[in-house]
1. So how far, in whole Å, is the C-alpha centre of region 44-84 from the one of region 179-198?
2. So what are the ³J(HN,Hα) numbers for region 88-94, from phi and the Karplus equation (6.51, -1.76, 1.60; θ = phi - 60°), rounded to whole Hz, Gly and Pro as x?
3. Once phi is turned into ³J(HN,Hα) by the Karplus curve 6.51 cos²θ - 1.76 cosθ + 1.60 with θ = phi - 60°, what whole-Hz value does each residue of region 52-68 show in order, with x for glycine and proline?
4. Could you order the peptides 149-159, 89-99 from most to least packed, using the average number of other C-beta atoms within 10 Å per residue?
5. Tell me, 145, 45 in order of fewest to most beta-carbon neighbours within 10 Å?
6. Sort 63-69, 118-124, 51-57 for me by packing, meaning the mean count of neighbouring Cβ atoms within 10 Å per residue, highest on top.
7. With contacts defined as alpha carbon pairs under 8 Å and 6 or more residues apart, what's the relative contact order of the chain in percent?
8. Count the lysine pairs in the chain that are 8 or more places apart or on different chains: how many have C-alpha atoms under 22 angstrom apart?
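All of the numbers you see were taken from the coordinates with simple rules; none came from a lab. The structure presented is a predicted model; accordingly, all values stated were derived computationally and were not measured. Note that we place each Cβ from the backbone using ideal geometry, even for glycine, and neighbour counts take in every protein chain shown.
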Amino acid sequence: MTRERAGDYEDKKQIILHKAAALIAQKGFDLATMMDVARACGTSKSHLYHYFPSKEELLFAIVHEHITRQAAELQRIVAQPLPAEDRFHEFIESFMQGAARSRNEHIMLMNDLKFLPKAQREQIRALEVAMTEQMEGLLQEINPKRMAHQRLRKPYALLLFGMMIWTFSWYRRTGPIPPRELAGIISELYANGFRNLP
């Protein structure tokens with residue numbers, strides 16, 4: 001395969017991933033068929049199978065690419081030489097902007113992991129755990145006294161992620177609150193409350 005052909009292959013693959021995510025997020029993974037995806041992409045089912053041998057492989061490609069990109073960006077933010085609260089606010093904004101920008105992929109990540117084989121589910125879960133641990137570290141810096149209670153470390157991080165993740169079951173970026181403002185609201189609510197816990 002020449003470099004040009006490889007690039008063309010990846011471009012077509014990305015188009016399929018994008019259009020499949022829009023269809024599956026709207027219709028549901030269990031109801032959407034590969035024929036539905038092929039029609040949405042303006043191609044044949046056999047052509048679709050050239051890129052993804054099964055519907056589960058297509059699902060994994062969509063959610064894995066989404067969360068891998070998100071995890072890498074969050075890791076970059078946490079590693080910056082900035083005060084913990086600055087990194088915390090940037091972390092929240094990055095997560096919310098990314099989820100708003102890729103809402104279909106985010107919805108699939110929320111709803112459809114149960115359809116993946118165990119090994120692929122565990123790969124996704126490992127990335128989710130890594131992001132949770134990054135947030136635990138930030139919260140530890142913001143309020144070391146509160147996070148000294150080992151049993152509370154994960155719940156505080158998961159409460160925050162729960163707020164951010166499930167927001168996209170109702171949030172639309174075309175609504176009256178843009179993603180950046182929404183991220184600011186979440187940061188302010190959580191950081192101010194958490195910082196002042198005894």
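1. About 27 Å separates the Cα centre of region 44-84 from the one of region 179-198.
2. Once θ is set to phi - 60°, the couplings for region 88-94 become 4, 5, 5, 4, 4, 5, 4 Hz.
3. Those phi angles translate into 9, x, 7, 5, 5, 5, 5, 4, 4, 4, 5, 6, 5, 5, 4, 6, 5 Hz.
4. The packing order, highest mean first, is 89-99, 149-159.
5. 145, 45
6. Descending packing order for the listed peptides: 63-69, 51-57, 118-124.
7. 23 percent
8. 16
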